[in-house]
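Nothing in this text is a laboratory measurement; each read-out follows from the coordinates by a stated rule. Just so you know, these numbers come straight off a predicted model, no measurement behind them. So basically every Cβ, Gly included, is an ideal-geometry build from the backbone, and we count neighbours across all protein chains shown.
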Amino acid sequence: MHRKSVPLFQSLRFRLIASVVMIEIFMLSLLVWNNINIIHATHTDRLRDTASSMIQQIARTSGNYMVAVDYATLEDYLSNIIDYQELSYLVILDRDEHAEIVLGAAPTQPWPALEEHPAQVMDGVFDISEIITVSGQPMGRVLMGFSLSFMDEAIRESRTRGISIAAAEIVLTVIVTVLIGLGLTRRLGILSSAAHEVGKGDYSIRIPIETADEVGRTASAFNRMVTDVSSRTQQLEKAESQSRALLIENRNLVHTSLHVQEEERKHLARELHDELGQCITAIQADAESIRDLSRECDNRIETSASAILNVSSRIYEVVHAMMQRLRPSVLDDLGLIEAIKEELSAWQDRNPDIHMHFGVTGNLDDLDERINITLYRIVQECLTNITRHADASRVSISLSGEADSLELSVNDNGRGLKQTLPGGGLGLIGMRERAEGLAGEFTLESEEGAGVTIRVRIPLNSGERKIA
Amino acid sequence: MCADVLRTACIALCFSLILAFPVLAATEVNRSCQQSDPLVFGLLPFISAEQLVFRFTPLVNYLSDNLQVPVRIETAPDFVEFARRTHEESRYDILFTAPHFFTRANQKAGYRLIASVDSPEMWAVIVVPKQSRIARIEDLKGKRLATVPPLGLATLLVRKALFDAGIDPDVDLDMVITPTHDASLLSSYHGVTDASALMQPPFEAASKKVRDSMRIIARTESTPHIPISVAPWLNEACAAEITDLLLRMETSAEGRAVLEHNRFTGYRLADPAIYERLDELLSR
């Protein structure tokens, strides 16, 4: 199967992977940021609570020693506390703010500003103080400093660990998403290619069912659908073939029927001309002789002979008109152009208010009789339709001949055609049948109020021009 | 020749020092109640430091307010250290100590008696839990007796009482030393020892619950009540002012409140001679 490559940004695979990765990165960044804040808050709160607890304990414990001015014992006790790793220094001040006990890396006086929370610390040491009281009486003050370096180190470690875990998760997510995306889109690609092939008419294609998941079920359904479509398409093709054969048969029948009709008309016109025409001519000749002979004998005979002459002339005109309708003799005598001109002239006489234009280009001589009569009949039908329905003021007819085809165009500026043309359908069908009977094309263009244009194009094979 | 000159110089230096001593001493004596430095009120650690502060803060505040000088409570880790600081460091401006320590403070550091607690006498008691089978001092043989540190008045009085009862405290029973009177009392109260020895005023000041669950099986001989003395470097005017404030306490509502808080009836003038007989206890 040939697979068409999809542009990157339209690719489902790319969009799926990019979306998952972006969401993953965003959510993990949010999570890490939140965790770092929580870790920072937890550590600072823990340090604050620890410091607060320690200093209160020391202040409570130191009271009795301060009253007893027993700094040696107090220092001995506090020297164990200073070993606490976060404790930077510890100072005991007496009631006069004299430093009686100084442990650790204590700052020099003036004592540093006190802080409420480790988050406020600027110098890396959280400085706090507590008044030593005994029975509510102040006995001194404890100063303590807690180094933030251990807390900062713990926060750094937690942050590094969190970021590492997030990065690992992102990488894993990308890998898994890419694998899933590739697997999924590969199978969707197969499905897409198969659908494409089916669209081109290849119903033999089948998708291998690899899994029982949604894509697998879709592939299974696709295979069933292709089987059904194939079966129905074959049925349709068969029906279409039958219909086409019937259509061709019908066309042949129509064509034959038209040909027979034209032949019959031609024969009828010839019979009328040869038989009835001769008889009328004979009647006229006899009537003239009678009129001439009786002119000096009997005036009544002359009158009757003249009446016979008038009637026979009238009969001749009627017969001539019938012959023209059945088969215009000018078509056989002078060709298609002259026949159309004569028809147009007669039509113009009947419709003097309509401006008529007829144009001819190219070589239209030596056409086959069937083509001549077809084009002639189509022009006749068009003019009849224009007279009956178009209410047009201008009609243009052009006929052009090329080496391999003929094209007839009839255009009017009348009302145009509605969707349904009452009573006019048979004429159009007849024109189409005549054109298609010669393997030609019949097209009709019309908009309501914008007139009608009918184009007929008839191909010319080498044998369809008469040998001069 | 050189030796003569050196000898003459040494003699001159000695004379100079001798002549300068009264001047230096006078400088100390001139320390007055109007000074800006706080006066240090030295309290014998006969009860816990917290209890001392609780009980004597009103008295100290009373003195401070009326003298217009800050007065500060101070004690020591134990009796020995308190005595050493009294005798050697000149640490306390006003001294509130046990009767038997006053004589030594007077003798060694020149503390002057200005008043004593206005109570007839005080004594030590030996108490046992009410359900104890110990009924007399003689029953203490072979028992564990809690008491205050060895130099405490209660210990000295009880030791004398035990000797008088034919009991050698170093042989016939087990003396358990506790840091304070409270600790001594609570020791038998909680059953750690069989009996407790302590002075009668701290026993009376103990919580009612503890006191009611104990029974006195013996009392020692009486001693004069607690003396209040001042350091020799305080001038007479200041000492007199302090004395006057103490003696007039019961005349003012503020003073009476302080006395009531201390469970004292008042203060009175006292004769230093009445404390001299207690020196014998320390000499034992």
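Can you tell me which of A:159-165, B:95-101 comes out highest on packing, and rank the rest after it, using the mean Cβ neighbours within 10 Å? Write down the numbers at each step before the final one.
Details: A:159-165: 13.7, B:95-101: 24.0.
Those peptides, ordered most packed to least, come out B:95-101, A:159-165.
Given +1 on the Cβ of Lys and Arg, -1 on the Cβ of Asp and Glu, and no further charges, what dipole in debye does the protein assembly as shown carry about its Cα centre, rounded to the nearest 20? Mind showing how you got there, number by number?
Values: 74 positive and 102 negative charges, 437 e Å.
Charge dipole, the protein assembly as shown, about its Cα centre: 2100 debye, nearest 20.
Quick one, what does Rg over Rh come out to for the range A:305-437 if you take C-alpha atoms and the Kirkwood Rh? Display every interim value, and only then the final one.
Working: Rg = 16.9 Å, Rh = 16.5 Å.
Here the Rg-to-Rh quotient is 1.03.
Over 30 Å between Cα atoms, which of B:Lys141/B:Lys209; B:Lys108/B:Lys143; B:Lys143/B:Lys209; A:Lys266/A:Lys341; B:Lys108/B:Lys208 qualify? Let's see the in-between values first.
Numbers: B:Lys141/B:Lys209 28 Å; B:Lys108/B:Lys143 38 Å; B:Lys143/B:Lys209 24 Å; A:Lys266/A:Lys341 20 Å; B:Lys108/B:Lys208 39 Å.
In this structure, B:Lys108/B:Lys143; B:Lys108/B:Lys208 lie more than 30 Å apart at Cα.
If you rank A:Ile340, A:Ile131 by fewest surrounding Cβ atoms within 10 Å, what's the result? It would help to have the intermediate numbers written out before the result.
Numbers: A:Ile340 25, A:Ile131 11.
Ordered by Cβ neighbours within 10 Å, fewest first: A:Ile131, A:Ile340.
Using a 10 Å cut-off on Cβ atoms, rank the peptides A:432-438, A:71-77 from the highest mean neighbour count down. Kindly include the intermediate steps, with their values, before the conclusion.
Details: A:432-438: 19.6, A:71-77: 15.0.
The peptides rank, most packed first, as A:432-438, A:71-77.
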* Please give the average number of partner chain Cβ atoms lying within 10 Å of the Cβ of each residue in A:132-139, rounded to a whole number. => 5
* Setting aside same-chain residues fewer than 8 positions from A:Lys238, which lysines have a Cα under 22 Å from its Cα? -> A:Lys200
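Report the GluC sites (Glu not before Pro) located in the range A:99-206 that are in a DSSP loop and have at most 15 other Cβ atoms inside 10 Å of their Cβ, or state none.
On the way: sites: A:Glu100, A:Glu115, A:Glu116, A:Glu130, A:Glu153, A:Glu157, A:Glu169, A:Glu197; in loops: A:Glu115, A:Glu116.
Qualifying residues, ordered by number: A:Glu116.
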* To do: Could you work out how far the C-alpha centroid of the range A:179-207 sits from that of the range B:131-188, in angstrom?
  => 106
* **Contact order normalised by residue count of chain A, Cα under 8 Å, 6+ apart, percent** => 10
* Cα centroid of the range B:226-272 to Cα centroid of the range A:17-72, whole Å -> 53
* Write down the radius of gyration of the range A:2-65 and its Dmax, each obtained from C-alpha positions, in Å. => 26.9, 94
* **Cleavage-rule hits (GluC sites (Glu not before Pro)) in the range A:292-330: DSSP loop, at most 12 neighbouring Cβ within 10 angstrom** => A:Glu296
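Taking beta carbons within 10 Å but only from partner chains, what does the mean come to for residues B:42-49? Please list the in-between numbers first.
Values: counts 1, 2, 0, 4, 0, 0, 4, 11.
Rounded to a whole number, the mean comes out at 3.
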* Asked: Which listed residue (A:Gly63, A:Ser52, A:Ile36) has the Cα farthest towards the positive end of the charge dipole for the range A:23-88, taking +1 on Lys and Arg C-beta and -1 on Asp and Glu C-beta about the Cα centre?
  -> A:Ile36
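Given that compact globular proteins tend to follow 2.2 N^0.38 Å, what is the ratio of the alpha-carbon Rg of the protein assembly as shown to that value? Show your work: numbers first, answer last.
Numbers: Rg = 70.6 Å, N = 752, 2.2 N^0.38 = 27.3 Å.
Output field value: 2.59.
Give the shape of chain B as rounded, prolate or oblate, defined through the alpha-carbon gyration tensor: a ≥ b ≥ c are the square roots of its eigenvalues, a/c under 1.5 means rounded, and otherwise the shape is prolate if a/b is larger than b/c and oblate if not.
oblate
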* Over the range B:52-119, one equal point on each Cα, no solvent: what is log10 I(q)/I(0) by the Debye formula at q = 0.19 Å⁻¹? -> -0.85
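What FRET efficiency do you get for A:His273 and A:Asp349 if R0 is 22 Å and r is their Cβ-Cβ distance, rounded to the nearest 0.05? Mind showing how you got there, number by number?
Values: r = 23 Å, r/R0 = 1.06.
Calculated value: 0.40.
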* Nearest 20 debye, what's the magnitude of the dipole of the range A:230-325 about its Cα centre given +1 on Lys and Arg Cβ and -1 on Asp and Glu Cβ? -> 680
* **Protection proxy ranking, peptides A:449-459, A:171-181, average beta carbon neighbours within 10 Å, highest first** => A:449-459, A:171-181
* Structure fact -> One would report the Cα pair-distance distribution of the range B:189-266, bin width 10 Å, in %, as 14, 32, 29, 18, 8, 0
* **Principal axes of the range A:203-250: Cα extent on each, largest first, Å** => 54, 14, 9
* **In the range B:75-162, the GluC sites (Glu not before Pro) that fall in loop regions by DSSP, at most 12 other Cβ within 10 Å** => B:Glu121
* Asked: Which whole-percent values make up P(r) of the range B:118-207 when all C-alpha to C-alpha distances are grouped in 5 Å steps starting at zero?
  -> 3, 15, 28, 28, 18, 6, 2, 0
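Please give the average number of partner chain Cβ atoms lying within 10 Å of the Cβ of each residue in A:67-77, rounded to a whole number. If you can, show how the numbers build up before the last one.
Working: counts 12, 12, 11, 7, 0, 1, 1, 1, 0, 0, 0.
The mean count of partner-chain Cβ atoms within 10 Å per residue comes to 4.
How large is the charge dipole for the range B:120-172, taken about the Cα centre, if only the Cβ atoms of Lys, Arg (+1) and Asp, Glu (-1) carry charge, to the nearest 20 debye? Mind showing how you got there, number by number?
Details: 8 positive and 7 negative charges, 56 e Å.
Dipole about the Cα centre, nearest 20: 280 debye.
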